[in-house]
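Down below is the structure, laid out as structure tokens.
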Amino acid sequence: TVAYMDTAISMAGWALAYYAPPLGLSPVVFFPSYKDGTHYNTSKHIEICGRLGAEVRLLENPTQLSVNWYRANKIVKEEYGNTGVLLPQGLPFDETVTDLAHEIESIPTSAIGGTLVIAVGSGTMAAGVISGLMEKGIRQKVVGVLVSPKPVPGMWHIIMGKAHQATATGIKKVTWCREYLSLVPALWEYHDVPRGTDCPFPCNPYYDLKAWAWLRKHLHSQKEPVLFWNIGA
């Protein structure tokens, strides 16, 4: 059994529900359930995870995410024993960073050399993008827009720590990040949605849309070409 403590708006549970069964694993996805029921679009996530074959568990009276994780972990240990494991929050695996780094190869050369804007939650996605840029020897400005209030210096070090060392190109990641990575403090709370922000493509309102809203306001001050990294809708 492999489990995950999801948030009310994250889509990580989808991935677990989809990939676990073919690997012979039984997926369990925990969702927060408040006194008045589930919030935001949790009901949609519950339906999708269940349809994909996951066992859905509701965690009553949720609090901070870290506390929810420990409560879910206790349930997994008690009910599934040695055969159960609760995955870490945000799925911060090296494999995630590596796979994302490979996606840099899909960027047209005409879109490289300016500014890349990306939403930043746990920092794993941004770390993958940065790793790919370093591996290719691309000196590209990256602007990460935080989707929830977090200390900017702390998130900068988290992203840098997750990014793989690009020894193949001789670029030191500390030097690269200091020169090319900048983070924008969160303009909204985690569960807030930027109102009045139109987007011409599918865009998650709790994640990517926040970065898109920032980009629309600051587009003309960014070095061209400007590339928006849309994580998921």
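Around LEU181, which amide H atoms from residues at least 5 apart in sequence, or from another chain, sit under 5 Å from its own amide H, with H modelled in the peptide plane?
For LEU181, whose amide H was placed from the backbone, the distant partners under 5 Å are VAL142.
Quick one: of LYS136/LYS173; LYS141/LYS217; LYS35/LYS210; LYS136/LYS162; LYS74/LYS162; LYS44/LYS150, which pairs are farther than 20 Å apart, Cα to Cα?
Values: LYS136/LYS173 13 Å; LYS141/LYS217 18 Å; LYS35/LYS210 28 Å; LYS136/LYS162 17 Å; LYS74/LYS162 27 Å; LYS44/LYS150 27 Å.
From the list (LYS136/LYS173; LYS141/LYS217; LYS35/LYS210; LYS136/LYS162; LYS74/LYS162; LYS44/LYS150), the Cα-Cα distance tops 20 Å for LYS35/LYS210; LYS74/LYS162; LYS44/LYS150.
Highest GNM mean-square fluctuation, the chain, Cα pairs closer than 10 Å: which of ALA111, ALA54, ALA211?
Maximum fluctuation in the GNM of the chain, among the listed residues, is at ALA111.
Using just the C-alpha positions of the stretch 1-129 as equal point scatterers, what log10 of I(q)/I(0) does the Debye formula give at each q in 0.11, 0.17, 0.19, 0.21 1/Å?
Log10 of I(q)/I(0), two decimals: -0.45, -0.93, -1.09, -1.24.
Report, in degrees rounded to the nearest 10, the 0 to 90 angle that the Cα long axis of helix 65-80 makes with the longest principal axis of the chain.
Long axis of 65-80 versus the principal axis of the chain: about 40 degrees.
Given H placed on each backbone N at 1.01 Å, which residues far from TYR34 in sequence or on other chains put an amide H within less than 5 Å of it?
Correct list: HIS39.
Can you give me the pair-distance distribution of the stretch 1-65, C-alpha pairs, 5 Å bins, whole percents?
Over the stretch 1-65, the share of Cα pairs per 5 Å bin runs 4, 21, 32, 23, 13, 6, 1, 0 percent.
So, by mean Cβ neighbours within 10 angstrom, what's the order for 194-205, 13-24, 133-144 with the highest one leading? Intermediate results must be reported in sequence, preceding the final value.
Details: 194-205: 13.0, 13-24: 15.9, 133-144: 20.4.
Packing proxy ranking, top to bottom: 133-144, 13-24, 194-205.
Relative to a virtual label point 7 Å from the Cα of GLU105 in the Cα→beta-carbon direction, which members of the stretch 117-145 show backbone nitrogen distances below 18 Å?
128-138
Work out, in µm²/s and without decimals, the Stokes-Einstein translational diffusion coefficient of the chain at 10 °C, 1.306 mPa s, Rh from Kirkwood over C-alpha pairs. Could the numbers behind the result be given before it?
On the way: Rh = 18.8 Å.
It comes out at roughly 84 µm²/s.
Kirkwood hydrodynamic radius, the stretch 106-202, all distinct C-alpha pairs: what's the number in Å? Show your work: numbers first, answer last.
On the way: mean 1/r = 0.0703 Å⁻¹.
For the stretch 106-202, inverting the mean 1/r across all distinct Cα pairs yields 14.2 Å.
Bear in mind that the values in this text are calculations on the coordinates, not laboratory data. Remember, it's a predicted structure, so these values are computed and weren't measured experimentally. Every residue, glycine as well, gets a Cβ built from its backbone with ideal geometry; the counts of neighbours run over all protein chains shown.
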